[in-house]
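Written out below as C-alpha cells is the structure these notes cover.
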Amino acid sequence: MNAVIRYIHSPDIEDLSTYKSEDSESFSFLLQVMAGPNNQEGEESFDIEVVTLNGFLRSMTRTKY
C-alpha cells in the first residue's frame, strides 16, 4: 500500500506557509498530518509536536513528575 498526505494543518498556527516564530530559538507547535491510502478512501490523523531543542528544554523545566 502506498500512502499519501492529504492535508497538513496546525490548530496553533493560522497560516503555516507564512509562520515565523517571535523566538526562533525556542518554540513549539502542534502539526496534524492527514494521510491515507493512495487511490482509496479513508485517512488517519497523525499528531506531531514540532519543537526546537530550547523549547523542549524549557518545557521540561516546567514539568512536574
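Bear in mind that the values in this text are calculations on the coordinates, not laboratory data. Just so we're clear, the structure is a prediction, and the values are computed from it rather than from any experiment. Here the Cβ is made from the backbone with ideal geometry for all residues, glycine too, and neighbour counts use every protein chain on show.
Backbone amide hydrogens, once placed in the peptide plane, bring D12 within less than 5 Å of L30, excluding anything fewer than 5 places away on its chain. A cut-off under 14 angstrom between Cβ atoms defines the neighbours of G36, and their net charge, with Lys, Arg +1 and Asp, Glu -1, is -2.
What's the longest bit of the chain with no exposed trypsin sites (Lys or Arg not before Pro), using DSSP loop states and at most 14 other Cβ atoms within 10 Å as the test? It runs 21-63. Between the labelled values [x] 41, 35, 17; [y] 44, 33, 17; [z] 51, 34, 22, the entry that holds Cα extents along the principal axes in Å as derived from this structure is [y]. Extension gain for the segment E49 to E25, taken as residue separation times 0.36 nm less the Cα-Cα distance, is 7.1 nm to one decimal.
The V4 and Q32 beta-carbon pair, evaluated with R₀ = 22 Å, returns a calculated FRET efficiency of approximately 0.90.
Proximity of backbone amide H atoms, modeled 1.01 Å from N, is registered between F27 and T52, G55 at under 5 Å, excluding neighbours fewer than 5 places apart on the same chain. Relative to the longest principal axis of the Cα atoms of the chain, helix 53-62 runs at roughly 70 degrees.
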